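Novice: Pasting a structure here, questions to come.
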Amino acid sequence: MPEHVVIVDGNALIHRGFHAIPNLSTSYGKPTNAVYGFTTIFLKVLQDLHPEYVIVTFDTKEPTFRHKEFPAYKAQRPKTDALLLAQFEDTHRLVKAFNIPVLFKPGYEADDLIGTIAKKLDRENPDLAVFIVTGDLDTLQLVNDHTKIYTSKRGLTETVIYDVASVYARFGFGPEHIIDYKALRGDPSDNIPGVPGIGEKTAMQLVKEFGSLESIYENLQVLEVSKRIRQILEDNHQNALLSKRLVTINCDVPIDFDLQACKYSEQFDRQQVIELFRELEFTSLIRKIPSFGTEQEEAASKKPTTMQQSMGTVEKPADVQYHLVATDEAFATFLDELNKQKAFAFDTELDSLNVLDGELLGISFSWKEKEAYYVAFTIPGKAIETVHEQWLPKLKSAFESQQVKKYGHNMKFDCSVLLRYGIKVSPISFDTMLAAYVLNPGSRVGLKNMALTEFGVSMTAIEDLIGKGKQQVTFAEVPLEQASDYSCADADMTWRLVGVLGERIEEGV
């Protein structure tokens with residue numbers, strides 16, 4: 001299998017993100033839609049292609065050789081949105097954090113740099129597989145047996161890869177004639193005139209029959225077209241030739257390109273990338289950051305069982321103390337400690353998300369940072385109804401005591417669950433989800449997002465624990481130790497957030 005080289009058109013991806021995701025910004029008002037779009041596509045590329053080499057190219061502000069030949073080139077475009085311009089710096093920071101080289105050259109567009117690199121690799125390293133990541137289909141002219149185009153088909157995550165066969169399938173001719181087609185059709189987005197009056201269908205028909213623009217004009221008098229079309233072609237011969245020059249990617253840009261400098265070993269500073277994602281509030285993307293090392297590679301090489309395929313594992317930090325309460329003795333010790341507390345955070349676990357009939361599998365408690373307890377009702381050898389009958393009445397006094405403060409995240413859910421079992425939680429002293437919303441209306445108030453934003457802790461997603469789709473299991477099927485660590489983390493993070501958010505509310509921040 002050949003090694004993969006990925007060449008990214010940075011400008012194309014930034015613009016794609018900016019227009020695909022309107023009005024995205026951080027909780028403190030910084031626009032991030034373009035950077036988020038770029039990052040989403042970039043991470044998907046790394047996941048899909050597993051490249052050995054990566055480089056990112058960008059345009060510059062300076063006029064190019066195309067502007068010099070045709071001053072009206074791209075002249076119709078409105079001034080770049082200030083909200084988009086403001087996001088280029090963060091995009092550069094992101095690429096740098098991944099330790100990936102950036103290439104740009106005044107007087108040339110990113111396409112020209114991409115074309116130059118692709119042709120150089122084609123000549124000197126024909127065994128490599130080159131993938132150009134872009135949203136600009138002008139680059140289809142670069143497709144050959146070694147070079148393909150990776151682009152968005154719809155949105156940001158639905159993608160398509162163009163090779164020689166797929167270019168033929170779409171246009172009816174090969175990549176080498178894309179420039180002839182564009183010369184006839186023109187390109188309004190770049191203000192390239194083409195031949196006015198020649199539409200897509202006619203342009204494709206002419207190129208299919210004669211190939212190059214030059215051949216079309218050589219056979220102008222025998223073309224099976226109307227007199228009007230023939231006259232249009234005659235009148236716009238120079239426009240057609242100019243348009244072909246403008247759409248042709250320059251593959252001989254004088255640049256210094258070192259393939260080995262683009263080696264993507266995934267030895268970047270992962271923590272630095274995480275910190276940047278936290279700053280930009282890209283919490284949902286953190287789990288997609290590549291993480292490679294000896295241990296991970298060894299683990300990946302081991303064939304999982306069916307249950308392991310459907311369920312993940314809980315990543316528990318080394319500095320926490322999470323206790324599983326699953327015996328009468330352990331419960332008695334736990335209960336003695338619980339009854340001494342003046343406040344605690346709690347979280348319920350059900351076998352479904354249905355608050356009306358989901359069975360209560362366990363409750364986690366925390367009253368000290370980095371420490372929590374999971375009271376499990378699914379004890380091997382005991383019916384869950386029996387455990388409920390024996391333990392829940394003993395927890396009732398703590399939940400209903402007016403002298404003990406109760407904290408939670410989305411407490412409406414947890415309190416509704418306990419009410420079905422005869423426990424009326426009171427007082428409800430602090431809900432971290434509601435507090436987060438009050439402080440930043442419209443912000444992401446999920447517990448895992450907040451734990452990452454506030455403490456830099458990447459919690460296990462429920463999908464990573466129970467799986468997805470046909471392989472998904474219920475929380476009841478998760479091994480007790482894993483269920484305990486997962487639920488304890490929820491209670492622990494809730495307890496920590498109470499202190500942070502409570503202080504901000506008191507200060508009016």
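The values are calculated or read from the model by the stated rules, or taken from the named source; none is laboratory data. Treat the numbers as computed from the prediction; the structure is a model and nothing was measured. In this analysis, Cβ positions are derived from the backbone assuming ideal geometry, glycine residues included, and neighbour counts consider all displayed protein chains. Quick note on the areas: whole protein, heavy atoms, side chains included, nothing else; ligands and nucleic acids left out. Shrake-Rupley method; radii C 1.70, N 1.55, O 1.52, S 1.80 Å.
Novice: Probe of 1.4 angstrom, ligands and nucleic acids ignored: what's the accessible area per residue over the chain, in square angstrom? Show your work: numbers first, answer last.
Specialist: Numbers: 24970 Å² over 509 residues.
Spelled out: the 1.4 Å probe surface of the chain, per residue, equals 49 Å².
Novice: Take every Cα-Cα distance within segment 89-138, group them into 5 Å bins from 0 onward, and report for each bin the whole-number percent of pairs it holds.
Specialist: Once binned at 5 Å, the Cα pair distances of segment 89-138 give 4, 16, 20, 24, 24, 10, 3, 0.
Novice: With a 1.4 Å probe and every protein chain left in place, tell me how much accessible area C251 has, in Å² to the nearest 10.
Specialist: 30
Novice: Summing +1 for each Lys or Arg and -1 for each Asp or Glu, what net charge is found among the other residues whose Cβ lies under 12 Å from the Cβ of E214?
Specialist: Local net charge: -1.
Novice: Now for a different question. Accessible area of R123, 1.4 Å probe, to the nearest 10 Å²?
Specialist: Here the residue's solvent-accessible area equals roughly 150 Å².
Novice: Students sometimes get this wrong: rank W367, W495 by accessible area, probe 1.4 Å, all chains present, largest first. List each step's numbers first, then the result.
Specialist: Working: W367 40, W495 60 Å².
In descending accessible area the options line up as W495, W367.
Novice: Report ³J(HN,Hα) in whole Hz for each residue of segment 483-492, in order, from the Karplus equation J = 6.51 cos²θ - 1.76 cosθ + 1.60 where θ = phi - 60°; Gly and Pro get x.
Specialist: Couplings: 4, 5, 4, 4, 6, 4, 4, 4, 5, 4 Hz.
Novice: If you average over every viewing direction, what projected area does the convex hull of the Cα atoms of the chain give, in nm²?
Specialist: Orientation-averaged projected area of the Cα hull: 29.8 nm².
Novice: Grab the alpha carbons of segment 386-455, take their convex hull, and tell me the volume per residue in Å³.
Specialist: Normalising the Cα hull of segment 386-455 by residue number yields 110 Å³.
Novice: Hey, for a label at F455 modelled as a point 7 Å past Cα toward Cβ, could you say which residues of segment 393-421 have their backbone N under 14 Å away?
Specialist: 408-409
Novice: Using a 1.4 Å probe over the heavy atoms of the protein chains, calculate the carbon and sulfur portion of the accessible area of the chain as a whole percent.
Specialist: 51
Novice: Same structure again: Work out the length of the dipole vector of segment 371-509 about its Cα centre, built from +1 on the beta-carbon of each Lys and Arg and -1 on the beta-carbon of each Asp and Glu, and round it to the nearest 20 debye.
Specialist: Here the size comes out at about 400 debye.
Novice: While we're on this one: Enumerate the residues in segment 413-444 having an amide nitrogen under 17 Å from the point lying 7 Å beyond the Cα of R504 toward its Cβ.
Specialist: 430-444
Novice: While we're looking at this one, here's another question. If you stretched the chain out fully between I428 and K382, how much longer would it get, using 0.36 nm times the residue separation minus the C-alpha to C-alpha distance?
Specialist: So the extension gain works out to 13.4 nm.
Novice: Now, a different point. In debye to the nearest 20, how big a dipole does the chain give about its Cα centre with +1 on each Lys and Arg Cβ and -1 on each Asp and Glu Cβ? Please report the intermediate quantities before stating the final value.
Specialist: Details: 54 positive and 72 negative charges, 266 e Å.
It works out to roughly 1280 debye.
Novice: For the pair F268 and Y421, what calculated FRET efficiency results from E = 1/(1 + (r/R0)^6), where r is the Cβ-Cβ distance and R0 = 51 Å, to the nearest 0.05?
Specialist: 0.55
Novice: Measuring from label point to label point, each 7 Å out along Cα→Cβ, what is the S401 to T60 span in nm?
Specialist: Output for this residue pair reads 7.1 nm.
Novice: Need one number for segment 1-87: average projected area of the convex hull over its C-alpha atoms, nm².
Specialist: Answer in nm², one decimal: 7.9.
Novice: Same structure, new question: Hey, if we sort Y374, Y421 by accessible area with the 1.4 Å probe, largest down, what's the order?
Specialist: If we order Y374, Y421 from most to least accessible, we get Y421, Y374.
Novice: Compute the FRET efficiency between N410 and R154 as 1/(1 + (r/R0)^6), taking r as their Cβ-Cβ distance and R0 = 35 Å, and round to the nearest 0.05.
Specialist: So the FRET efficiency works out to roughly 0.55.
Novice: List the lysines whose alpha-carbon lies under 16 Å from that of K406, not counting same-chain residues fewer than 8 positions away?
Specialist: By straight Cα distance, K406 reaches K340, K342, K368, K396, K424.
Novice: Using the charge dipole of segment 63-181 (Lys, Arg: +1 at Cβ; Asp, Glu: -1 at Cβ; taken about the Cα centre), state which of I132, P175, V102 has its Cα farthest towards the positive end.
Specialist: V102
Novice: Still on this model: Assuming R0 = 45 Å, what is the FRET efficiency of R123 and E371, from their Cβ-Cβ distance, to the nearest 0.05?
Specialist: Details: r = 63 Å, r/R0 = 1.39.
After rounding to 0.05, the efficiency reads 0.10.
Novice: Can I ask one more? Of the options L353, S401, S364, report the single residue whose Cα projects farthest towards the positive end of the charge dipole of segment 344-474 (beta-carbon charges: Lys, Arg +1; Asp, Glu -1).
Specialist: So the residue furthest toward the plus end is S401.
Novice: Quick check on the chain: helices-only [θ] at 222 nm, where DSSP H runs of length 4 and up contribute -39,500 (n - 2.57) each and the sum goes over total residues. Nearest 500, please.
Specialist: Numbers: 22 runs with 227 residues, N = 509.
It lands at -13000 deg cm²/dmol.
Novice: At what distance in nm do the modelled label points of E477 and L84 sit from each other, each positioned 7 Å from its Cα along Cα→Cβ?
Specialist: Modelled inter-label distance: 4.8 nm.
Novice: Here's another thing I want to ask about it. Near T80, within a Cβ-to-Cβ distance under 12 Å, what is the net charge of the other residues, with Lys and Arg +1 and Asp and Glu -1?
Specialist: Net charge around T80: +2.
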